Amino acid sequence: MTALASKIIQGIEAPPIAEAMSWISTSPSNRALINLCQAVPSYPPAEALAEEVGRLARLPATSLYSDILGIPALRQALAESLAADYKADIADRNIAITAGCNQAFAATMMALAEAGDNVILPVPYYFNHHMWLEMLGIRPRYLPAIRGESTTPAAADAAGLIDERTRAIVLCSPNNPTGAIYPAETIREFYNLAKSRGIALVIDETYKDFRTDPKPPHDLFQDPRWGDCLIQLYSFSKVFALTGYRVGSVTASPEFLGELEKILDCVAICAPTISQGAALFGLTSLAQWKDEKLKLAREKASALRQAFEHPELDYRLLSAGAFFAYIRHPFAEDAKTVAKRLAQQHDLLALPGSMFGPGQEQYLRLAFANAEARLMPDVVARLIESQNGKHR
Ligand SMILES: Cc1ncc(COP(=O)(O)O)c(C=O)c1O
């Protein structure tokens, strides 16, 4: 700790993935670690994309800043792609390209709210959403997402949390950390609530491409006045395996993007130009590669579900999507103790539920997209090993 940092920053938890990675360094094991702590595709980007990046590197324009809101061709291509996915009118003027979806969230929240305002955040939440709100002095109002067997929050529960300082409701679907995919009707109910109360609905759809249902994730973009209320966030990181390239987006009204532009200009001026070129190539030229990878993701999810049917397993699968599974551990210990033991004695790295909000001590998150489908039985074998007290 240093007295140089502000009290607010000092009071915020350390980056969770870095903390979890520190648990494994002491493991004396000679068995390969199964690392399920971070949502990173288990494969590299497409070879053709790597070649395109090489070509782009030689173009003079690539070393320059782009427009603050992104290169026009990428804004246009993303607008077309979203318009097709959501069967709606979405234009290039609705798109801002950001340096990753985390920056999209950060800039959006900074544009929407100020210190002392509050934002409704379902729990468990994506930890960087929470950390950022706290950094800005925006108060998160916790909305329980785990209700009995369901991992989907209810708009009716959110209604009572709204007051005159509430600026937005945040949703994340498919969800990090639970993997839950919210039904379109539920998302619509949140939208209607936000609209009727004059606040924003911010929906992080980083994992939207990994859904198996071909129908649009929701119908909100079909409302001709969607821009009055809706702000959608997206990432190129997962779908094109570009986590290190840093490209994401905000889809909103041109008026909102005009405000957002001020923030983006101060933070990074623009998303990396070469990475925007890579994202554009992904959108326009990698449909087949993407479909193959989505098929792989589905295979992993079904291998995981099948492995969890093991009769000796006392851990329970609460929900699972394309990237994450949220599981209930069987111990009367806090989640971090369990996660650390799994890392240090059973060579399985998962994040404790406590990193995703209050009341999550009974849960762990598995970012299972990091592993190959054939490893899912090993994941379950290591969980069983941990419940039998067989420590290595
Ligand atoms: C829900 C969610 N939003 C945003 C991000 C960050 O995405 P990006 O790499 O585009 O910043 C992640 C990454 O794990 C995520 O899970």
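The table for this structure:
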read-out: Residue ID - modelled with the lowest pLDDT, chosen from residues in segment 131-150 that are among the small types (Gly, Ala, Ser) and more than 16 Å from the ligand (Cβ to nearest atom); value: Gly148
read-out: Qualifying residue in segment 144-157 (condition: outside any loop (DSSP other than H, G, I, E, B), in contact with a strand residue (DSSP E or B) (Cβ under 9 Å, 6 or more places away or on another chain), surrounded by fewer than 24 Cβ atoms within 10 Å (Cβ to Cβ) and not small (Gly, Ala, Ser)); value: yes
read-out: Answer from Asn128, Asn176, Asn94, Asn118 - the residue that is away from the ligand (no atom under 15 Å from the Cβ), polar (S, T, N, Q) and either out of contact with any Lys or Arg (no Cβ under 7 Å at 6 or more places or on another chain) or in contact (Cβ under 8 Å) with a residue 60 or more places away in the chain (or both); value: Asn94
read-out: Neighbours by Cβ (under 8 Å, 6+ apart or cross-chain): first from segment 20-41, closer than 18 Å to Thr337 by Cα and small (Gly, Ala, Ser); second part of a loop (DSSP other than H, G, I, E, B) and modelled with pLDDT of 80 or more; value: Ala20/Cys37; Ser27/Leu33; Ser27/Asp347
read-out: Residues that are within 13 Å of the ligand (Cβ to nearest atom) and out of contact with any Phe, Trp or Tyr (no Cβ under 7 Å at 6 or more places or on another chain), drawn from segment 97-115; value: Ile97, Thr98, Ala99, Gly100, Asn102, Gln103, Ala104, Ala107, Thr108
read-out: Residue satisfying condition, being under 25 Å from Lys208 (Cα atoms) and either part of a helix (DSSP H, G or I) or in contact with a Leu (Cβ under 8 Å, 6 or more places away or on another chain) (or both), within set Leu313, Leu383, Leu342, Leu364; value: Leu364
read-out: Residues of segment 179-201 classified as within 16 Å of the ligand (Cβ to nearest atom) and hydroxyl-bearing (Ser, Thr, Tyr), total; value: 1
read-out: Any chance Ile95 is under 17 Å from Leu280 (Cβ atoms) and surrounded by 11 or more Cβ atoms within 10 Å (Cβ to Cβ); value: yes
read-out: Ile24 vs. criteria within 16 Å of the ligand (Cβ to nearest atom) and either touching a strand residue (DSSP E or B) at 6+ places or on another chain (Cβ under 6 Å) or over 30 Å from Pro216 (Cα atoms) (or both); value: no
read-out: Segment 257-278 residues that are closer than 21 Å to Ala50 by Cα, paired with ones that are hydroxyl-bearing (Ser, Thr, Tyr) and assigned to a helix (DSSP H, G or I) (beta carbon under 9 Å, 6 or more apart); value: Thr273/Thr62; Thr273/Ser63; Ile274/Thr62; Ile274/Ser63; Gly277/Thr62
read-out: Breaking point among (1) surrounded by fewer than 16 Cβ atoms within 10 Å (Cβ to Cβ); (2) touching a Ser or Thr at 6+ places or on another chain (Cβ under 9 Å), for Ala84; value: (2)
read-out: Scope segment 202-231; condition without any contact (Cβ under 8 Å) to a residue 40 or more places away in the chain and within 12 Å of the ligand (Cβ to nearest atom); matching residues; value: Ile203, Glu205
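Conditions tested, residue by residue: (1) in contact with a strand residue (DSSP E or B) (Cβ under 6 Å, 6 or more places away or on another chain); (2) over 16 Å from Ala154 (Cα atoms).
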residue	(1), (2)
Asn176	no, yes
Glu185	no, no
Arg188	no, no
Asp204	yes, yes
Gln222	no, yes
Leu230	yes, yes
Thr243	no, yes
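The values are calculated or read from the model by the stated rules, or taken from the named source; none is laboratory data. Since this is a predicted model, take the numbers as computed values, not measurements. Counting neighbours? That spans all protein chains shown, and the Cβs are built from the backbone with ideal geometry, glycine included.
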